[in-house]
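Participant: Take a look at the following structure, please.
Here, each number is a calculation from the coordinates, and none is a lab measurement. Model, not experiment: these values are computed from the prediction. No Cβ is skipped: glycine too gets one built from the backbone with ideal geometry, and neighbour counts run over all protein chains shown.
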Amino acid sequence: MTSAETLAMVQTAAAAADAKGGTDLVALDVSEPMPLVDVFLLVTGRNERNVAAIADEIEDAMITSGHKRLRREGRVESRWILLDFGDMVVHVFHEEERAFYALERLWKDCPTVAIELPDQPGAAAEAAGGTPGV
């Protein structure tokens, strides 16, 4: 079961990724098959520089909101950067790596977590079949 704190972490990281041009954001609730992690957040960047900028922005936003990064991998190549914040792990992919590794297919049985970006008010409610702003 994903906690309210983890859901807030997802929103913080997603907003940071979006601010740096991250695309195709998907949050997967992996708490059932992986007892050590609640959510994987997947993000795509256009090129290595963009992947690095997205990862840096996410890390800065998470630290500002009081969440410590436990591990970071892949920063040198910036093709797939993994940021481990304990209950949430962020995967920032280059477009080619995202298509090749296809984590969405690997974890297809896991439910998604709604992401509401600042420039899309009500997006989560609409996706859930609700009415925005209600």
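Participant: Please list 75-84, 109-118 highest first by mean number of surrounding beta-carbon atoms within 10 Å per residue.
Facilitator: 75-84, 109-118
Participant: Calculate how many DSSP beta bridges within the chain are antiparallel, expressed in % of all such bridges and rounded to the nearest 5.
Facilitator: Among the beta bridges of the chain, antiparallel pairing accounts for roughly 70 percent.
Participant: Here is a further query. Give a residue-ordered list of calculated ³J(HN,Hα) values for segment 41-51 (Karplus: 6.51 cos²θ - 1.76 cosθ + 1.60, θ = phi - 60°; whole Hz; x for Gly, Pro).
Facilitator: Once θ is set to phi - 60°, the couplings for segment 41-51 become 10, 9, 9, 10, x, 6, 8, 4, 5, 5, 4 Hz.
Participant: Using Cα atoms only, what is the angle between the long axis of helix 4-19 and the major principal axis of the chain, expressed in degrees (0 to 90) to the nearest 10?
Facilitator: It is inclined by approximately 60 degrees.
Participant: Shifting gears a bit: Report the FRET efficiency, 1/(1 + (r/R0)^6), for residue 109 and residue 60, where r is their Cβ-Cβ distance and R0 is 25 Å, rounded to 0.05.
Facilitator: Efficiency for this residue pair is about 0.15.
Participant: So, with +1 on the Cβ of K and R and -1 on the Cβ of D and E, and no other charges, what is the size of the charge dipole of the chain about its Cα centre, to the nearest 20 debye?
Facilitator: 260 debye
Participant: Return 88, 62 ranked ascending by Cβ neighbour count within 10 Å, so the fewest neighbours appear first.
Facilitator: Least to most surrounded, the residues fall as 62, 88.
Participant: Another one. What does the helix-only formula give at 222 nm for the chain: each DSSP H stretch with n ≥ 4 adding -39500 (n - 2.57), the total divided by the residues, and the result rounded to the nearest 500 deg cm²/dmol?
Facilitator: Rounded to the nearest 500, the figure is -10500 deg cm²/dmol.
Participant: To the nearest 0.05, how large is the calculated FRET efficiency for residue 68 and residue 102 if R₀ is 30 Å and r is the Cβ-Cβ distance?
Facilitator: Between residue 68 and residue 102 the formula returns 0.50.
Participant: Using alpha carbon coordinates only, what is the Rg to Rh ratio of segment 1-66, with Rh defined as the Kirkwood radius?
Facilitator: 0.99
Participant: Between (i) 2, 11, 21, 24, 22, 14, 5, 1, 0; (ii) 2, 11, 17, 20, 18, 15, 9, 5, 2, 1, 0; (iii) 2, 10, 18, 20, 15, 12, 10, 8, 4, 1, 0, which matches P(r) over Cα pairs in 5 Å bins from 0, in percent calculated for the structure shown?
Facilitator: Looking at P(r) over Cα pairs in 5 Å bins from 0, in percent for this model, the match is (i).
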